[in-house]
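Reviewing the structure listed below.
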Amino acid sequence: MTSEPAGHFTKSYENLKPFIKWYEWGQASIEPIITRPGRIGADVSPLTEVLTDSVHSQSVKLDNSELKQLYIWLDGNVPFYGTYDSNRRLAQKSGQLVPPPTLQ
């Protein structure tokens, strides 16, 4: 994975798009308005299937903790940025650490 820019995200993140399923806020990838169990995230992600199939699982070794982190990321709608603040997003995109959001 690299941090090479590609539009609003990075090339690595863009290359993952065919292997993930997320809610796009008005796009056609997932039914709008509500999410339904089993129809979003790790349950339907092609990435999950690739990482656990007999061909790829020989090359990719993830322990249970790493798989859980991946599944949580997939179930959390595959966020790229850890913030909604535009200045912090730019900082994060350039590789800087950003603090977690403050609780409201």
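The values are calculated or read from the model by the stated rules, or taken from the named source; none is laboratory data. If you're wondering where the values come from, they're calculated on a predicted model, not measured in any experiment. Please note: Cβ atoms are built from the backbone with ideal geometry, for glycine as well, and neighbour counts cover all protein chains shown.
Matching residues to (1) hydrophobic (A, V, I, L, M, F, W, C); (2) part of a loop (DSSP other than H, G, I, E, B):
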position	(1), (2)
Leu51	yes, no
Ser54	no, yes
Lys61	no, yes
Tyr71	no, no
Asn77	no, yes
Leu103	yes, yes
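Which residue is farthest from the chain's Cα centre (by Cα), if the candidates are limited to the range 1-37 and must be modelled with pLDDT of 75 or more and of a type in the set (D, E, K, R)? Among those residues, the one meeting the criterion is Glu4. With the structure loaded, tell me whether Leu97 is at negative phi and either surrounded by fewer than 10 Cβ atoms within 10 Å (Cβ to Cβ) or not in a helix (DSSP H, G or I) (or both) or whether it fails that test. Yes.
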